[in-house]
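Quick one: the structure is below, questions incoming.
Quick note: the coordinates plus some simple rules give every number you see, no bench work behind them. Please read these numbers as outputs of a predicted model, since none were measured by experiment. Don't worry about glycine lacking a Cβ; one is built from the backbone with ideal geometry, like all the others, and counts go over all protein chains shown.
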């Protein structure tokens, strides 16, 4: 499925921070929609379907958070795969980064495999052997790469892990030493925040150009903390530094481009889901959607899917 110009967009809301609903970060997806994201997309000529909200049935909840996350991921995967199959662009708003596993699985199922472009101030590459906090929100990229929790990954329909050759981490500024070691040991593409100047778009395009054929479908994940506290007020896990705002905005705006089937993910990490924070968040989501589509993926024949993740808490 090739997305060109005006799109049919379906917002998929995943109102869970980990497996917890109706608290803190879990309120982010609704706040983003209330901030006017759908209206902004329609004003630009896109058709926006009624949001689809993922609801985790009480009767399927267990006392194991990873099992619960697998159930949620399976539901998100179903929704993303169905949207791509119908020719729609899935825009997934997530409570936190733990929900990125589901969209990746949905892309893999719909496209025959998945790659990941992960925009984040953090790596989210910890495993049980490397974490010092036990925070599951610091592990979802590792899960997608097959380094931890195979049951969670497989529940999402990601039968084969994402290969390092089909993975990128962009905008990081707060990596633990264990994550640095993992990046050094694998062929994951990398462009850190301190290397992103006014030529960030060109450098990103160059970084990803050789990897376009490494996967038939791509999940683009966006954690808005990569843009810093000015774009993302009230962050619980604020970046220690970030690319210059002028450089980001300049490169977000211009080139909408083309992208094929896949999924986007964007994270909005605010302590409280206020309209002010949500409004800034959806505007950033829009700028990033255009920039990434135009600069990082559009010029290649690989598939990219739009999933967006919004969350108001750490992880």
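Counting pairs of alpha carbon atoms under 8 Å apart in space and at least six apart in sequence, what relative contact order in percent does the range 60-112 give?
Relative contact order comes out at 43 percent.
Give me 125, 33, 7 ranked fewest to most by other Cβ atoms within 10 Å of their Cβ, as a rough exposure proxy. Walk me through the numbers on the way to the answer.
Details: 125 32, 33 19, 7 22.
Final ranking by Cβ density, sparse to dense: 33, 7, 125.
Order the peptides 152-162, 110-120 from the highest to the lowest mean number of other Cβ atoms within 10 Å of their residues. Present the calculation step by step, with values, prior to reporting the outcome.
Working: 152-162: 22.4, 110-120: 25.4.
Highest mean packing first, the order is 110-120, 152-162.
Ok, one more. Fewest to most neighbouring Cβ within 10 Å: what's the order for 46, 122, 221?
46, 122, 221
Report, in whole Å, the centroid distance computed from the Cα atoms of the range 141-180 and the range 206-225.
Each part's Cα centre sits 13 Å from the other's.
What's the exposure ranking of 37, 175, 207, 93, going from fewest to most Cβ atoms within 10 Å?
Values: 37 27, 175 20, 207 16, 93 31.
Fewest-to-most ranking of 37, 175, 207, 93: 207, 175, 37, 93.
Can you tell me, using C-alpha contacts under 8 Å and at least 6 residues apart, the relative contact order of the range 76-188 as a whole percent?
30 percent
Enter the Cα centre distance for the pair the range 97-117 and the range 1-79, rounded to the nearest angstrom.
The range 97-117 and the range 1-79 have Cα centres spaced 14 Å from each other.
Then there is this: Please give the peptides 223-232, 197-206 ranked by average Cβ packing (other Cβ atoms within 10 Å per residue), highest first, as a rough proxy for protection. Provide the component values of the computation, followed by the final result.
Working: 223-232: 23.7, 197-206: 16.0.
Per-residue mean Cβ counts within 10 Å order the peptides as 223-232, 197-206.
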